[in-house]
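Asker: Here it is, the structure, as C-alpha cells.
Read-outs throughout are calculated quantities, based only on the coordinates presented, and are distinct from any laboratory measurement. On a predicted model such as this, the values are computed, not experimentally measured, just so you know. We place every Cβ from the backbone using ideal geometry, glycine too, and count neighbours over all the protein chains shown.
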Amino acid sequence: MAADSPNSDAPPPLSTERQEGFVRLLNEAHGLLLRYVMSLLGNRHDAEDVLQRSSVVMWRRFATFEPGTDFIAWATTVAFYEVRNFQRVTGRCQLKFDDELMHMLAAERVDLVRQWSRRTEALELCVEKLDRASRTLVEAVYTEGMPAHEVARQQGCAPKTIYNKLNFIRRALAECVQRRLAETTP
C-alpha cells in the first residue's frame with residue numbers, strides 16, 4: 001500500500017465543530033449508555049469495557065450520524081452490537097436468544113433506562129431542594145451507607161427519630177419526583 005493512499009478503516013475527517021458535537025453528545029449520554037450496557041451484561045466492569053469499545057466505534061462512525069436525529073437511539077444500537085460481539089467472543093452469555101428477541105429486549109431496555117434516567121435526574125433536583133439537615137441525613141444514610149442507629153447516636157437522639165425523619169423525607173422526595181415527572185412528561 002502506498003504511503004499516500006487513504007486508509008479504508010480511517011473515519012472521514014470531521015470538522016472541529018462535529019468533533020466537539022460528538023464529545024458533547026457522548027458525555028451527555030454516558031450515564032444512560034452505561035446503565036443500558038450494564039442492563040444487558042449485568043457486570044459493571046464488562047459494561048465499562050464494552051462502552052469504551054462502543055465509544056471508539058461511535059467515533060469512527062460518527063460521520064454517518066445525522067445531526068438532529070436521536071443520538072441515544074443511534075448510540076444504543078452501536079452499543080447493542082458491541083455487547084453481542086463481546087458475548088460472542090467471551091462466551092459469557094449463557095442464554096441463547098435469537099436476534100429478533102434480543103433486539104426487542106434491547107429496545108425495551110432503552111425505554112426503561114431512559115425512564116429511569118428521567119427519574120434519577122428528578123430525584124437529584126429534589127434532593128438539592130431539601131433543607132441542609134435533611135440533605136445531610138439523606139447523604140449519610142443513602143450515599144455513605146451509614147446505619148440509621150449510628151446517625152442517631154451521633155446526633156444524640158433515638159433511632160426511631162431518625163427513621164421518622166427518613167420516612168418524612170422519602171415521602172417528600174417521592175411527591176417532588178412525581179411532580180417533576182408530570183411537569184416534563186409530554
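Asker: List, in order, the whole-Hz ³J(HN,Hα) value for each residue of segment 146-153 obtained from phi through the Karplus relation with A = 6.51, B = -1.76, C = 1.60 and θ = phi - 60°; use x for Gly and Pro.
Answerer: Taking θ as phi minus 60°, the curve returns 6, x, 4, 5, 6, 4, 4, 4 Hz for segment 146-153.
Asker: Now, a different point. Using r as the Cβ-Cβ distance of residue 90 and residue 28, and R0 as 30 Å, what FRET efficiency do you calculate, to the nearest 0.05?
Answerer: Efficiency at R0 = 30 Å is approximately 0.55.
Asker: Could you sort the peptides 46-55, 32-41 by per-residue average Cβ neighbour count (10 Å cutoff), highest mean leading?
Answerer: Put in order of decreasing packing, that is 32-41, 46-55.
Asker: Residue by residue through segment 132-138, what is 3J(HN,Hα) from phi via Karplus (6.51 cos²θ - 1.76 cosθ + 1.60, θ = phi - 60°)? Round to whole Hz and write x for glycine and proline.
Answerer: Each residue of segment 132-138 in turn: 4, 5, 5, 5, 4, 5, 4 Hz.
Asker: In whole Å, how far is the Cα centre of segment 22-51 from that of segment 118-186?
Answerer: 27
Asker: Just subtract the alpha-carbon distance of residue 146 and residue 131 from 0.36 nm times their residue separation and send over the number in nm, one decimal.
Answerer: Numbers: separation 15, 0.36 × 15 = 5.40 nm, distance 1.95 nm.
Extending this stretch completely gives an extra 3.5 nm.
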